[in-house]
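Input: a single structure, listed below in structure tokens.
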Amino acid sequence: MVGIVNGEESVENIHVINRTQKKYATTNDKGEFNIEAIKNDTIVLTSIQYKSLTHIVTADNIKNKTLNINLETQVNELPEAVIGFTLTGDLSKDVLNSDAKRTIDFYDVGIPGYKGKRKTKSERLLAEAGEFEPSMLLGILGGSVPLNPILNAISGRTKELKKRVKLEANTKMMNALKNRLSEAFFKENELKEDFKSDFFYFCAEDETFKTRCASSDLEALKFMKEKYLIYKENLALKE
């Protein structure tokens with residue numbers, strides 16, 4: 001069945017799920033999608049920018065082989081702001097009259113601080129391990145070269161830490177995919193509950209994870225299906 005989604009915001013990458021048939025699709029930049037459906041199937045459309053909508057497939061939908069959906073924009077209302085005093089328009093006076101207090105930071109107490117992005121534990125460990133360079137070998141006899149980068153390179157610790165840092169960078173995307181697609185994916189691809197989280201980590205370790213899953217949910221689902229087949233084979237070998 002061919003469908004089209006209409007709305008005031010972008011109509012691209014809207015999730016279309018046939019709960020009855022356990023099929024799923026996403027819209028293109030024109031709001032178009034293709035999904036298998038028969039009469040009385042339950043079609044659910046979800047996205048961030050629109051309110052969720054549930055549609056029951058009618059006989060007319062089947063006859064015309066089309067599904068035209070109008071979505072209502074999701075409006076996030078902010079709570080009413082309460083102002084403690086009347087603004088005069090004079091910035092210097094308004095600041096003096098304000099009850100707001102600036103938080104104390106490390107400069108207030110004379111301690112130098114770092115305002116950059118906080119490193120993860122793995123990033124800190126990688127920095128401490130050091131980066132090995134071949135030229136370091138020339139300075140070993142003179143005792144002027146730290147041994148940690150060399151020892152960590154030989155033992156494989158640096159390589160393992162780099163792998164861990166890269167995996168952490170994929171964790172945010174992995175969790176987003178898990179929250180958004182997990183339910184629909186595992187309805188069609190069965191897996192024991194104990195293995196589901198491990199499966200997503202298995203996906204995140206793949207070299208192509210970020211490029212394959214960042215483009216669209218449809219491509220991410222194709223990638224997950226490919227990894228699922230390999231994961232099931234690995235489980236069978238372990239058993």
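S197 satisfies every condition listed in (1) assigned to a helix (DSSP H, G or I); (2) more than 16 Å from the chain's Cα centre (by Cα) except (2).
Taking (1) part of a strand (DSSP E or B); (2) within 25 Å of the chain's Cα centre (by Cα); (3) at pLDDT 90 or above in turn, H55 satisfies each apart from (2). Tell me which residues, restricted to the stretch 1-36, are open to solvent by less than 80 Å² (accessible area, probe 1.4 Å), more than 15 Å from E188 (Cβ to Cβ) and in contact with a Ser or Thr (Cβ under 8 Å, 6 or more places away or on another chain). Within the stretch 1-36, M1, V2, G3, I4, V5, G7, V11, N13, I14, T26, F33 qualify. Of all residues in the stretch 28-42, those that are acidic (D, E) have Cβ atoms under 6 Å from Cβ atoms of residues that are open to solvent by less than 20 Å² (accessible area, probe 1.4 Å) and part of a loop (DSSP other than H, G, I, E, B), 6 or more apart or on another chain, in D41/V57. With (1) in a helix (DSSP H, G or I); (2) among the aliphatic types (A, V, I, L, M); (3) touching a Phe, Trp or Tyr at 6+ places or on another chain (Cβ under 9 Å) as the list, and L191 as the residue in question, which single condition is left unmet? The failed condition is (1).
How many residues does the stretch 16-27 hold that are in contact with a helix residue (DSSP H, G or I) (Cβ under 9 Å, 6 or more places away or on another chain) and assigned to a loop (DSSP other than H, G, I, E, B)?
Of the residues in that region, 2 qualify.
Residue count for the stretch 37-52 under the criterion of being open to solvent by less than 50 Å² (accessible area, probe 1.4 Å) and either modelled with pLDDT of 95 or more or more than 25 Å from the chain's Cα centre (by Cα) (or both): the result is 3.
Within the stretch 209-229, the set of residues being assigned to a helix (DSSP H, G or I) and surrounded by fewer than 18 Cβ atoms within 10 Å (Cβ to Cβ) comprises K210, T211, A214, S215, L218, E219, K222, K225, E226, L229.
The values are calculated or read from the model by the stated rules, or taken from the named source; none is laboratory data. No experiment lies behind these values; they were computed from the predicted model shown. When we count neighbours, we look across all protein chains shown, and the Cβ atoms used for this are built from the backbone with ideal geometry, even at glycine. Just the protein is used for accessible areas: all its heavy atoms, side chains included, with ligands, DNA and RNA removed. Shrake-Rupley method; radii C 1.70, N 1.55, O 1.52, S 1.80 Å.
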